[in-house]
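Take a look at the structure set out below.
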Amino acid sequence: MSMPQAKIATLLGEGKKELASIKDASTLLTWETKYLGRKSELNEILKGLKDLSPEEKRLVGPVAQHARETLTTLHQEAAKRIEREGVDWDKEWIDVTAPGERIPAGHLHPITLLENEIADIFASLGFGVWDGPELEMEQNNFDSLNFPKDHPARDMQDTFWVKQDKHWKHTYLPRTHTSTVQVRYMQEHKPPIRIIVPGRIFRNEATDASHEHTFHQFECLMVDEPGKVTVATFKYIAETFFSRFFGKKIDIRLRPSYFPFTEPSFEFDISCVLCERKGCSVCQQTGWLEIGGAGMVNQKVFESVGYKRGAYQGFAWGFGLTRLAMMKYKITDIRLFMSGDLRFLKQF
Ligand SMILES: [Zn+2]
């Protein structure tokens with residue numbers, strides 16, 4: 001075998017072998033220059049063919065051409081393979097022995113967690129969740145709920161008022177209770193009604209460990225034809241809800257009270273969740289905990305939303321979600337909830 005043919009065979013063999021181990025585009029380019037480039041050994045041999053004798057040319061020529069075609073085809077295949085694999089494994093690698101990196105993750109606010117838990121229990125009793133604006137018209141916050149014009153709740157000391165513009169048709173305020181959503185809902189829907197309304201409310205209060213100007217309330221409204229929703233229905237729903245919420249049998253006690261939007265009205269207490277009515281420091285030895293207010297919806301409220309007087313009957317009740325959260329998590333300062341203090345929030 002003449003010298004060029006031996007050289008070509010060596011180049012072909014080495015070229016194939018090197019190509020098989022190439023995994024990235026830049027190494028492939030180096031390979032291409034070395035084996036197929038203008039100054040490659042193979043190209044030099046091809047260029048030198050013209051100096052050979054016709055006999056040598058006939059022997060070497062086809063071998064050199066074949067080697068060039070083979071390497072060109074293999075190069076194209078390798079280029080496709082590298083593009084398909086797409087990753088430069090010489091640079092991109094994973095140290096599987098490296099310690100894990102802790103990714104900081106946030107979570108829901110304790111009040112939101114509580115709202116979700118309450119909504120789940122009420123959903124199982126057939127209630128839907130409804131929402132309303134936090135900035136409300138005086139009409140929806142007071143008038144439609146049968147608050148007289150001179151009711152002390154409208155006073156500047158109890159309610160924040162928005163500075164009015166003379167072009168406005170209504171007087172606005174940050175709502176002082178979630179009962180505003182009762183009005184809004186009934187204006188747009190006819191009974192039967194079964195809704196709960198969790199939401200943020202605002203009171204013009206001096207703050208201390210048990211008073212806050214912004215807190216969360218929870219409202220429940222159930223209305224149907226006369227006789228279908230009674231005080232007994234309320235008691236059953238309330239007992240069922242609190243028993244599921246605290247995970248033990250809870251009793252409800254009603255005491256007569258007065259609210260403009262309900263008639264009759266009552267305050268309601270639940271049996272102490274800590275001492276089971278034996279008496280402890282939390283319930284001040286009474287065995288009962290004051291929870292909220294409730295009553296049968298005043299017919300004047302039904303009239304204000306466009307229902308015919310006497311056509312429907314139902315109950316409404318509300319309580320402080322923040323207060324319930326304090327009881328559930330045994331928190332003694334109400335201000336912690338709105339403080340944004342991560343040391344507090346991270347405990348939930
Ligand atoms: Zn107690």
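Observations on the structure shown:
- Remark: pairs (first residue in segment 194-222, part of a strand (DSSP E or B); second residue among the acidic types (Asp, Glu) and buried (at least 20 other Cβ atoms within 10 Å of the Cβ); Cβ separation under 8 Å; 6+ apart in sequence or on different chains) = ILE196/GLU219; VAL197/GLU219; PRO198/GLU115; PRO198/GLU219; GLY199/GLU219; HIS216/GLU115; PHE218/GLU115.
- Segment 62-117: number of residues that are among the charged types (D, E, K, R), touching a helix residue (DSSP H, G or I) at 6+ places or on another chain (Cβ under 7 Å) and free of Cβ contacts under 8 Å to residues at least 40 places away in the same chain: 1
- Of the criteria (1) modelled with pLDDT of 90 or more; (2) closer than 16 Å to ALA78 by Cα; (3) surrounded by 14 or more Cβ atoms within 10 Å (Cβ to Cβ), which one LYS16 fails: (3)
- Those residues of segment 223-245 which are free of Cβ contacts under 8 Å to residues at least 60 places away in the same chain and surrounded by 14 or more Cβ atoms within 10 Å (Cβ to Cβ), in sequence order: LYS235, GLU239, PHE242, SER243
- Flag if ALA79 is in contact with a Leu (Cβ under 7 Å, 6 or more places away or on another chain), aliphatic (A, V, I, L, M) and more than 30 Å from PHE302 (Cα to Cα): yes
- Residue pairs meeting the criteria (Cβ under 8 Å; at least 6 apart or on separate chains; first free of Cβ contacts under 8 Å to residues at least 40 places away in the same chain, in segment 40-58; second assigned to a loop (DSSP other than H, G, I, E, B) and surrounded by 14 or more Cβ atoms within 10 Å (Cβ to Cβ)): ASN43/GLY37
- Condition check for LEU71: surrounded by 10 or more Cβ atoms within 10 Å (Cβ to Cβ) and more than 30 Å from MET326 (Cβ to Cβ): yes
- Of all residues in segment 254-298, those being more than 16 Å from the ligand (Cβ to nearest atom) and surrounded by 14 or more Cβ atoms within 10 Å (Cβ to Cβ) number 19.
- For segment 210-220, the criterion of a residue being out of contact with any helix residue (DSSP H, G or I) (no Cβ under 9 Å at 6 or more places or on another chain) and farther than 30 Å from GLN139 by Cβ is satisfied by no position.
- Filtering segment 8-65 to residues that are of a type outside the set (Lys, Arg), part of a loop (DSSP other than H, G, I, E, B) and within 60 Å of the chain's Cα centre (by Cα) leaves SER21, ILE22, ASP24, GLY37.
- When ARG175 is tested against (1) crowded, with 21+ Cβ neighbours inside 10 Å; (2) modelled with pLDDT of 95 or more; (3) not polar (S, T, N, Q), just one condition goes unmet, and that condition is (2).
The values are calculated or read from the model by the stated rules, or taken from the named source; none is laboratory data. Small disclaimer: the values here were computed from a predicted structure and weren't measured. Here the Cβ is made from the backbone with ideal geometry for all residues, glycine too, and neighbour counts use every protein chain on show.
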